Amino acid sequence: SRHPTSEPTPLPSSSPTKSPSGSPTKSPSEQPVTDTCTPGGKCSEGSSCAVGKVSCCGQTYDSFQCECADGSWLCVETQACMSPCPTTTTSTVASIDEKWFPDTV
């Protein structure tokens, strides 16, 4: 059974709870795995990513393709813009090649 009291129930505070001041300090050895795509940075096994952009021939490509190997990013240049841009020709030979051999054009 309840016993009534003469004290009123206190009202909730209207002021916000104070957050702790200062930021937590982490030692370099306790860095969390962030999977940020940084060559040589920490990553989760099996992840992949791309870094940077390069534009050529009216297209934009990734500059580097990265794979996670042994917990760090291993990146290689995509070489997307190493080849000369294809020239557009109106010859029938080019259009026949595109029609019959699309993988070689």
Roughly what would the spin-label model give for Val76 and Ser63, points 7 Å off Cα along C-beta, in nm?
1.9
Going by average Cβ neighbours within 10 Å, how do the peptides 70-77, 36-43 rank, with the highest at the top?
36-43, 70-77
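Each reported figure results from applying straightforward, stated rules to the coordinates on display, with no laboratory input. Note that the structure is predicted; figures quoted are calculated from it, not measured. Heads up, the Cβs are rebuilt from the backbone with ideal geometry, glycines too, and the neighbour counts pull from every protein chain shown.
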